[in-house]
1. Of all alpha-carbon pairs in the chain, indicate the percentage at a distance above 25 angstrom.
2. How big is the gap, in Å, between the Cα center of the stretch 261-289 and the Cα center of the stretch 1-44?
3. Work through the residues other than Leu154 whose Cβ is under 15 Å from its Cβ and net out their charges, Lys, Arg +1 and Asp, Glu -1.
4. Count the net charge of all other residues whose Cβ sits under 11 Å from the Cβ of Asn123, scoring Lys and Arg as +1 and Asp and Glu as -1.
5. Among the listed pairs Lys229/Lys285; Lys16/Lys285; Lys203/Lys254, which have their C-alpha atoms separated by more than 21 angstrom in this model?
6. Net charge near Gln144: determine it from the other residues with C-beta under 14 Å of the C-beta of Gln144, scoring Lys and Arg +1 and Asp and Glu -1.
7. Compute the semi-axes of the equivalent ellipsoid of the stretch 161-296, taking the square root of 5 times each eigenvalue of the Cα gyration tensor, and list them largest first in whole Å.
Amino acid sequence: MNIGLLSVSMNVYSTKRIAVEAEKLGHHIELIDHTKCSVKLGSGKPQIYLRDENITNDFHAIIPRIGAKVTKHGSAIVKQFEMNGVFSTARSLGITRARNKVRTLQIMARKGIPIPETLFSINPDNIEEQIKILGGPPVIIKLQEGTQGLGVILAETKKSAKSIIDTFYKMDTSILIQKYIEESNGEDIRIFVVGNKVVASMKRTSAVGEFRSNVHRGGKSVAIKPSNKEEYIALNATKYLGLGVAGVDLIRSKKGPLLIEVNASPGLQGIEAATGVNIASEIIKYVEQNGRRRRR
Ligand SMILES: Nc1ncnc2c1ncn2[C@@H]1O[C@H](COP(=O)(O)OP(=O)(O)O)[C@@H](O)[C@H]1O
Ligand SMILES: [Mg+2]
């Protein structure tokens with residue numbers, strides 16, 4: 001098959017791993033830097049260009065690896081491939097839904113997937129009440145579109161929560177306020193879903209003096225076997241968002257697992273190292289099954 005890999009560079013670990021496994025399995029894979037793509041709409045079938053090369057009909061399937069900074073343009077390019085009938089491991093709608101934590105949690109709440117109690121607002125006039133609605137401090141304050149643990153703040157007192165929230169509202173920055181799940185103990189669970197299958201899972205434990213378990217914040221990972229309920233949450237969250245490949249993050253609370261976010265372009269480095277699973281190859285096999293079906 002001809003596979004397009006939407007990523008800004010082959011020097012990204014996950015991008016390279018996917019390309020290597022695609023070639024091992026006998027496919028032709030090409031890097032499409034979506035930031036260098038243009039789409040021409042108007043007369044006839046919309047045409048997709050990479051710089052000045054017309055790539056409209058070059059691919060049977062695409063694998064989007066859209067970074068946080070160019071979600072809007074990246075998902076528009078994915079959308080165009082989709083509309084032209086090309087199979088994608090992530091629907092454009094799924095990418096934009098996963099990008100925003102409030103949007104993700106709204107969908108999860110509607111579908112009955114357990115999440116931490118979360119509030120969003122932009123009203124600076126009743127911040128005390130907003131904190132009270134969540135049961136008081138400590139609370140977590142998060143940028144709606146943050147990644148890698150940056151923009152996740154633990155406010156331990158009402159005073160600090162109030163001043164932080166007030167600052168964000170005044171800056172027109174979209175945030176959410178969330179109940180702090182203390183018993184999660186600085187740990188979270190990453191479940192990697194490909195197709196309708198959990199292919200790998202790990203637990204990340206935060207560094208000393210840190211509540212965020214992100215690897216970029218010094219968190220350490222080990223392979224785990226998730227519970228049936230955790231697998232159920234991960235598989236359904238992926239499906240509800242419209243993704244074929246996803247990294248689903250959960251924290252363990254007294255009341256059971258809670259979904260905190262879903263990543264539409266989950267990294268492979270940490271989880272392949274922690275679990276020994278060849279996830280890149282699983283992604284290509286998923287593309288084989290679906291890209292071919294689409295072609296007939
Ligand atoms: N409500 C919460 N209670 C306790 N810890 C949390 C909560 N939300 C997030 N965390 C911790 O902070 C980390 C980063 O939060 P997350 O929502 O995943 O943002 P990011 O997109 O930046 O990774 C999580 O992996 C988890 O360890
Ligand atoms: Mg996270």
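1. Cα-Cα pairs of the chain separated by over 25 Å account for 50 percent.
2. The stretch 261-289 and the stretch 1-44 have Cα centres separated by 16 Å.
3. +1
4. Within the 11 Å Cβ shell, the charges total -3.
5. In this structure, Lys229/Lys285 lie more than 21 Å apart at Cα.
6. Value of the local net charge: +2.
7. Equivalent ellipsoid of the stretch 161-296: 30, 19, 14 Å, largest first.
Coordinate-derived values only; no laboratory data. On a predicted model such as this, the values are computed, not experimentally measured, just so you know. Positions of Cβ are backbone-derived with ideal geometry, glycine not excepted, and every protein chain shown enters the neighbour counts.
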